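**Q** Encoded as structure tokens, here's the structure I'll be asking about.
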Amino acid sequence: QVQLVESGGGLVQAGGSLRLSCVMSGRTFSSYAMGWFRQAPGKEREFVAAIGVMTTYADSVKGRFTISRDNARNTVYVQMNSLKPEDTAVYYCAVQLGYRDFRVPSSYNYWGQGTQVTVSS
């Protein structure tokens, strides 16, 4: 059984930084693409970033967020800099067992429970 556990969320002022972590267990971590998504109240879950053979980012976070992975620690990270109030959301990590569209939530097979990020103005 695959499990994903996120951590690192919190409250930060606009312009600040946070690093989210997601630890995966139950599968060989290095074999799969990982993604970060977020969901704000009343909005649909949206793509943030993904890492497989390459990395890809949503336009709204490009240049501010960096996704990375440490296969030895079974962990994927997203470093979030220059945070804005509109980045406020619950952030989820996910793993996909195939090679489908990284930007689509339904491409992913397992999800973490989420971690809250709140950016104050």
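**Q** Within the range 79-121, can you find the residues that are over 16 Å from MET24 (Cβ atoms), within 12 Å of the chain's Cα centre (by Cα) and of a type in the set (A, V, I, L, M)?
**A** Hits for the range 79-121 are MET80, ALA89, VAL90, VAL117.
**Q** Just to check your reading of the model, which residue among VAL12, VAL53 is exposed (fewer than 15 other Cβ atoms within 10 Å of the Cβ) and either within 18 Å of VAL104 (Cα to Cα) or modelled with pLDDT of 95 or more (or both)?
**A** Of VAL12, VAL53, the one residue that is exposed (fewer than 15 other Cβ atoms within 10 Å of the Cβ) and either within 18 Å of VAL104 (Cα to Cα) or modelled with pLDDT of 95 or more (or both) is VAL53.
**Q** Sticking with this structure for a sec: For the structure I just gave you, tell me whether SER68 is free of Cβ contacts under 8 Å to residues at least 12 places away in the same chain, outside any loop (DSSP other than H, G, I, E, B), surrounded by fewer than 17 Cβ atoms within 10 Å (Cβ to Cβ) and not hydrophobic (A, V, I, L, M, F, W, C).
**A** No.
**Q** Let me ask you something else. I'm trying to understand the selection: among the residues of the range 15-45, which are modelled with pLDDT under 95 and among the β-branched types (Val, Ile, Thr)?
**A** Answer for the range 15-45, where residues must be modelled with pLDDT under 95 and among the β-branched types (Val, Ile, Thr): just THR28.
**Q** Okay, next question. How many residues are out of contact with any Phe, Trp or Tyr (no Cβ under 6 Å at 6 or more places or on another chain) and in contact (Cβ under 8 Å) with a residue 40 or more places away in the chain when one looks only at the range 48-65?
**A** Within the range 48-65, residues that are out of contact with any Phe, Trp or Tyr (no Cβ under 6 Å at 6 or more places or on another chain) and in contact (Cβ under 8 Å) with a residue 40 or more places away in the chain number 1.
**Q** If a residue has to be loosely packed, with under 12 Cβ neighbours inside 10 Å and touching a helix residue (DSSP H, G or I) at 6+ places or on another chain (Cβ under 7 Å) to count, how many in the range 24-50 make the cut?
**A** 1
**Q** Under 7 Å between Cβ atoms, at least 6 apart or on separate chains: pull out the pairs that start in the range 98-111 with a residue that is farther than 20 Å from VAL23 by Cα and end on any residue that is open to solvent by 90 Å² or more (accessible area, probe 1.4 Å) and not in a loop (DSSP other than H, G, I, E, B).
**A** none
**Q** I need a count of the residues in the range 76-98 that are in a strand (DSSP E or B) and either open to solvent by 10 Å² or more (accessible area, probe 1.4 Å) or of a type in the set (Gly, Ala, Ser) (or both).
**A** Residues meeting the conditions: 6.
**Q** Just one of VAL61, VAL48, VAL76 is at pLDDT 95 or above, within 10 Å of the chain's Cα centre (by Cα) and closer than 23 Å to SER120 by Cβ; which is it?
**A** The conditions single out VAL48.
The values are calculated or read from the model by the stated rules, or taken from the named source; none is laboratory data. This is a predicted model, so every value here is computed, not measured. Using ideal geometry, Cβ is built from the backbone for each residue, glycine included, and neighbour counts are taken over all protein chains shown. Note: accessible area is taken over every heavy atom of the protein model, side chains too, but ligands, DNA and RNA are not part of it. Shrake-Rupley method; radii C 1.70, N 1.55, O 1.52, S 1.80 Å.
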